[in-house]
Amino acid sequence: MIHDFASVSGPVRLDVDAVVVGSGAGGAAAAYRLQRAGKAVALLEEGAYYQPSDFHTDSWAAMRQLYRDQGLRAMVGTMIIPTMQAKCVGGTTLVNSAICFRIPDEVLEEWVAQEGLQDLSPDILRPLFEEIEEFLNISPDDEQYLGQNNLLMRRACQAKGWEGQVIRRNSRGCKGCGLCMSGCIEGAKLSTDRTFVPAFLELGGELYTDCRIEGILVESGKAVGVAGWVLDRKTEQPKHRLEARARAVILACGTMGTPVLLQKNRLANSSGLVGKNLCNHTGTGMLGFFEEVVNAWDGVSQGYCCDQFRKDGFMIESFWAPPDVIGIRAPGFGLYHKNLMAKLKHIAGWGAMIRATSTGTVTARRKGWSPAIKYSMSQRDASLMQKAMKATADLLFAGGARKVTPGIYGLPKELNDPSETRLIAEANLRPTAFNPIGNHPMGTCRMSERPGRGVVNSHGESHDLPNLFIADASVFPNAPGVNPQVTIMALAAHFADYIQTRI
Ligand SMILES: Cc1cc2nc3c(=O)[nH]c(=O)nc-3n(C[C@H](O)[C@H](O)[C@H](O)COP(=O)(O)OP(=O)(O)OC[C@H]3O[C@@H](n4cnc5c(N)ncnc54)[C@H](O)[C@@H]3O)c2cc1C
């Protein structure tokens with residue numbers, strides 16, 4: 001049953017087997033799995049439950065509606081790096097591009113070896129991946145809806161002899177309107193609000209939306225529940241107190257939200273690692289100008305990738321976003337910028353994301369729930385980014401681009417010949433030369449079997465506080481190098497399978 005700010009008319013007190021906070025990739029997967037196992041589960045989510053007809057095609061309206069800090073969140077260090085998280089049922093899966101990769105076996109094996117993760121291996125996660133992939137219809141998109149932006153990348157990969165593939169996505173009936181990041185107006189994206197959450201509700205699960213959890217209840221050294229407020233959706237002011245007592249408390253507030261909740265409650269931090277080890281897949285986009293019409297908005301927003309260099313630490317993926325967002329990424333000002341944007345029909349957008357090793361911190365502020373996020377890109381990551389951008393420019397030219405705008409400070413605004421991509425390779429580039437985005441934040445409550453190296457173990461349970469579990473991207477020990485949502489779901493399902501044996 002769904003309870004929202006309008007239907008709740010007084011204080012709420014729940015007594016359940018498990019309470020899950022956050023309904024994104026991790027939380028929804030865990031809640032569904034536990035409910036399916038016959039447990040009584042309450043799923044608590046700060047955001048609202050939207051339907052496709054509620055979404056805006058105007059980016060700024062969508063940002064205000066769906067994103068934390070209205071989409072203006074940033075990691076701040078030697079430069080300002082935007083990073084985005086959603087606040088709604090479905091969490092960030094509702095605004096993402098539906099790209100689905102399993103964590104590569106060798107990366108999981110690296111995690112297992114480095115962190116002594118006794119209960120994790122590719123063989124253990126494989127059946128969970130298979131089940132999730134079937135449930136979310138994870139498959140390559142229909143060719144007819146890929147659109148030229150993606151097809152050009154395929155042509156470019158073929159021309160270079162580089163590995164590439166149509167991306168497998170969690171969608172059904174996607175017609176490629178290119179507006180993934182504003183919420184799927186076609187209802188085709190199979191984000192958790194359209195999959196795990198409805199299935200959870202069907203099984204009798206209780207969902208509270210508009211509900212911000214602020215406290216973790218502890219008795220006799222164990223987590224026994226959570227407390228917070230049902231908020232007025234318009235004013236975001238607390239309206240009714242909500243307390244949920246449970247035998248398992250599962251936090252899935254995401255990489256930014258979970259450490260903030262733990263820090264504010266001064267819990268589960270004997271390792272000192274809560275809020276530390278902030279990782280991401282730092283990425284940046286490049287525009288290629290083609291003689292032919294691309295109409296990149298007409299097609300799947302991220303439908304093709306070049307994975308030739310995945311083992312070297314970067315991936316190249318096509319991307320598209322509404323024109324106002326593309327405008328921000330296009331270089332220059334004034335007339336120059338206007339003339340570039342006038343060629344929108346001829347622009348392809350491709351971007352590189354790296355398996356970054358730099359780390360940052362997420363720290364709760366005394367007031368409010370938006371954290372201070374500190375992060376600086378290391379020279380090692382800048383050098384990797386440089387290689388990735390050189391490869392992206394080469395690929396754009398191989399696909400037939402006549403001009404590429406690298407978007408790197410210190411380099412010409414435009415490269416007009418394939419031979420000029422050497423300028424990217426030859427430049428002496430510092431991190432501040434780039435204009436990156438902090439994709440897929442992870443790692444702020446890292447998982448390790450060794451208490452001094454992690455906040456949770458390989459069952460997702462806190463090393464300090466029995467019955468407290470974390471099931472979101474914050475448990476990743478480091479960045480896996482591929483888009484993470486399916487791995488978050490598989491890990492959450494894995495943790496849930498353990499939790500159900502305990503409650
Ligand atoms: C624009 C964009 C595109 C992306 N594209 C892809 C992609 O194509 N493929 C991919 O794999 N990944 C993609 N990602 C990343 C991916 O969506 C996230 O990594 C993933 O959703 C994180 O899952 P999570 O469970 O950790 O957190 P989230 O999905 O962010 O869920 C956390 C939930 O917890 C709620 N919450 C937080 N604090 C509280 C509180 N105190 N009380 C109650 N509720 C709370 C939040 O409102 C939110 O709903 C993209 C991200 C963005 C921003």
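Full extension of the segment from Asp105 to Tyr498, taken as 0.36 nm per residue of separation minus the current Cα-Cα distance, would add 139.3 nm.
Over segment 342-480, average the accessible area per residue using a 1.4 Å probe and give it in Å², no decimals. Intermediate values should be presented prior to the final figure.
On the way: 5160 Å² over 139 residues.
Accessible surface, normalised per residue, equals 37 Å².
Averaging the Cα positions of each part gives two centres, and for segment 440-489 and segment 2-39 these lie 21 Å apart. In this simple spin-label model, placing a label point 7 Å from the Cα along the Cα-to-Cβ direction at both Asp54 and His240 gives a separation of 1.8 nm.
Sorting Lys367, Lys343 by accessible area puts them as Lys367, Lys343; the probe is 1.4 Å, largest comes first, and only protein heavy atoms count.
Considering the chain at the alpha-carbon level, its Rg and Dmax are found to be 22.1, 70 Å.
With viscosity set to 0.692 mPa s at 37 °C, what whole-number translational diffusion coefficient in µm²/s follows for segment 37-176 from Stokes-Einstein and a Kirkwood radius over Cα pairs? Estimated via Stokes-Einstein, D reaches 174 µm²/s.
Which sequence of His440, His3 reflects their accessible areas, 1.4 Å probe, from the largest down?
In descending accessible area the options line up as His440, His3.
Taking every alpha-carbon pair within segment 351-399, the share separated by more than 18 Å comes to 51 percent. DSSP beta bridges fully contained in the chain are about 70 percent antiparallel. Rounded to the nearest 0.05, what FRET efficiency is calculated for Leu335 and Arg380 with R0 set to 30 Å and r the Cβ-Cβ distance? With a Förster radius of 30 Å, E is 0.20. Taking each of Lys87/Lys264; Lys175/Lys343; Lys160/Lys189; Lys87/Lys276; Lys160/Lys343 in turn, the alpha-carbon distance tops 29 angstrom for Lys160/Lys189.
What would the Debye formula give as log10 I(q)/I(0) at q = 0.28 Å⁻¹ for the alpha-carbon point model of segment 264-315, no solvent? The Cα Debye sum returns log10 ratios of -1.22.
Loop-located GluC sites (Glu not before Pro) in segment 186-263 (DSSP state not H, G, I, E or B) with no more than 16 neighbouring Cβ atoms inside 10 Å: Glu186, Glu236. In whole percent, what relative contact order does segment 55-147 give with Cα contacts below 8 Å and a gap of six or more residues? Answer for segment 55-147 is 13 percent. With protein chains left intact and a 1.4 Å probe, residues in segment 183-290 average 34 Å² of accessible area per residue. Between Glu202 and Glu214, the simple spin-label model (points 7 angstrom out along Cα→Cβ) gives 3.7 nm.
The length gained on full extension between Arg172 and Ala372, counted as 0.36 nm times the residue separation minus their Cα-Cα distance, comes to 68.2 nm.
Phi angles across segment 254-266 convert, under the Karplus curve 6.51 cos²θ - 1.76 cosθ + 1.60 with θ = phi - 60°, into 3J(HN,Hα) values of x, 4, 8, x, 5, x, 5, 4, 5, 5, 5, 9, 6 Hz, Gly and Pro given as x. Within the full protein context, the accessible area of Lys276 is estimated at about 90 Å² for a probe radius of 1.4 Å. Adding -39500 (n - 2.57) for every DSSP H run of four residues or longer, then dividing by how many residues the chain holds, sets the calculated 222 nm ellipticity at -8000 deg cm²/dmol.
Amide H to amide H, with H built 1.01 Å from N, Leu117 comes under 5 Å of Glu449, counting only residues 5 or more places away or on other chains.
Computed extension length for Phe135-Gln70: 20.3 nm, one decimal, from 0.36 nm per residue of separation with the Cα-Cα distance subtracted.
At a 1.4 Å probe radius, carbon and sulfur cover how many percent of the accessible area of the chain? Here carbon and sulfur together make up 50 percent of the probe-accessible area.
The residues of segment 17-64 have, on average, 30 Å² of accessible surface per residue, using a 1.4 Å probe with all protein chains present.
Could you order Val166, Val218 by accessible surface area, starting with the largest, using a probe radius of 1.4 Å?
Descending order: Val218, Val166.
The values are calculated or read from the model by the stated rules, or taken from the named source; none is laboratory data. All of these numbers come straight from a predicted model, not from anything done at the bench. Neighbour counts run over all protein chains shown; Cβ positions are idealised from the backbone, glycine included. Protein only, heavy atoms only, side chains kept; ligands, DNA and RNA dropped before computing areas. Shrake-Rupley method; radii C 1.70, N 1.55, O 1.52, S 1.80 Å.
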